[in-house]
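Comments concern the structure below.
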Amino acid sequence: MTEAQQFETFVENYQNMVFSTAVRLLANPTEAEDVAQEVFLKAFQRFGELRDSPTAGGWLKTVATNLSLNHLSRYRSRWTFFSDLFARTDDADEPEIDFPSPENIDEDLARADTHMLVEQALSQLPSAQRVPLVLYHLEGLRYEEIAAKLKVSLGKVKTDIFRGREALRKKLQVKLAFQTP
Amino acid sequence: MKPDYATALETKVDRALKQLPELSAPRTLWPRVQAELERQAARPWYRQPWATWPAPWRVISLTLLAALFAGMCWAGSLASHPSETNSLMQALYHGRASLGALWNVVQVLYETAGLLLKQLGPWFVPGCLLVLVLANAVCLGLGTLCVRVAFARTEIAGFERTL
């Protein structure tokens with residue numbers, strides 16, 4: 001097997017993980033694909049080390065997370081500077097998700113739908129809540145690590161994560177047995 | 001907020017998020033990576049990252065950069081001592097007429113700028129800067145508005161396509 005073929009297999013093995021990490025942080029598939037491409041280009045430069053490394057997955061996840069955060073701060077912050085002035089503080093006027101009725105579909109479909117709804121609800125959270133929420137629950141970072149990565153205070157991270165959980169619960173509570181705990 | 005509530009909410013959200021399966025990467029990802037790798041490999045050596053340049057070229061470029069930096073430091077130190085600059089320029093003027101002519105042009109331009117500023121008043125430069133800052137802010141604001149309107153639709157549509 002040539003090196004190019006080995007790298008193709010490597011990309012095939014990890015592309016879903018890298019893309020999922022990026023898309024959940026960025027909430028934009030096009031930007032997530034750009035980030036995933038950048039991750040694999042970096043991986044190619046270090047393919048000699050990564051090829052047989054058991055920590056390759058972790059390395060890719062970390063790079064995908066960092067590049068996504070860089071992307072958010074580099075390309076989004078300049079646009080959100082002004083538009084945040086008009087940002088909604090509550091989501092009362094946001095459209096509720098149209099949940100399917102689970103009684104008429106089989107269990108697998110219901111589970112897939114649930115996942116889709118959670119993904120959708122997550123993507124609709126504002127970046128300030130979604131990013132720390134994903135870093136905490138999906139990337140397994142501690143509050144202090146998130147605060148350092150996002151360059152914000154520990155208190156803000158805790159508040160944003162709590163607000164993110166609340167917003168997620170509100171978006172999902174209608175049909176997903178996600179009632180007030 | 002009750003602590004029990006926060007803990008229960010954390011547990012539920014944690015479970016819901018951790019159960020999420022990986023999303024499928026677009027089929028265009030690998031062809032894009034492959035095309036970019038081929039494009040990078042086809043570039044001449046001097047357009048590739050500096051670390052991949054041939055060793056002699058790295059040494060030469062580093063030496064040139066060091067010399068340029070030293071030159072800039074030297075020029076900076078001369079500029080901070082006008083008398084030394086003057087004497088140096090005069091020496092050059094005697095030695096080379098073309099440099100002397102250039103020095104004259106620089107002097108005339110400098111004096112003209114000084115006179116212009118004196119005529120326009122001390123608030124002219126800060127005023128221009130303020131106008132520039134305001135113009136930038138307006139451009140940024142309008143650009144933000146357009147992008148937000150465009151992204152608000154494409155982001156949701158794009159995400160639904162992925163799912």
Q: Under 12 Å from the Cβ of B:Arg39, count the other residues' Cβ atoms, weight Lys and Arg +1, Asp and Glu -1, and hand me the total.
A: +1
Q.
Going by average Cβ density within 10 Å per residue, which order do the peptides B:11-23, A:10-22, A:26-38, B:119-131 take, highest to lowest?
A. A:26-38, A:10-22, B:11-23, B:119-131
Q | Other protein chain Cβ atoms within 10 Å, averaged over every residue that makes up A:49-58 | A | 0
Q) Taking a label point 7 Å from the Cα of A:Ala148 along the Cα→Cβ vector, which residues of segment A:158-173 have an amide N closer than 18 Å to it? A) A:158
Q) FRET efficiency for B:Thr7 and A:Thr55, Cβ-Cβ distance as r, R0 = 45 Å, nearest 0.05? A) 0.90
Q.
Between A:Gln173 and B:Leu145, what is the label-point separation in nm under the 7 Å Cα-to-beta-carbon projection?
A. 3.6 nm
Q.
Please list 3J(HN,Hα) in residue order for segment B:17-31, calculated via the Karplus relation 6.51 cos²θ - 1.76 cosθ + 1.60 where θ = phi - 60°; whole Hz, with x for glycine and proline.
A. 6, 6, 7, 5, x, 5, 7, 6, 5, x, 5, 7, 5, 4, x
Q: Report the trypsin sites (Lys or Arg not before Pro) located in segment A:1-77 that are in a DSSP loop and have at most 14 other Cβ atoms inside 10 Å of their Cβ, or state none.
A: A:Arg46, A:Arg51
Q. From the cross-link list A:Lys42/B:Lys12; A:Lys151/A:Lys171; A:Lys149/B:Lys18, which pairs have alpha carbons spaced over 31 Å apart?
A. A:Lys42/B:Lys12
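Laboratory data are not the source of any read-out in this text; all were calculated from the coordinates shown. All of these numbers come straight from a predicted model, not from anything done at the bench. Here Cβ is always computed from backbone atoms with ideal geometry, including for glycine, and neighbour counts include all displayed protein chains.
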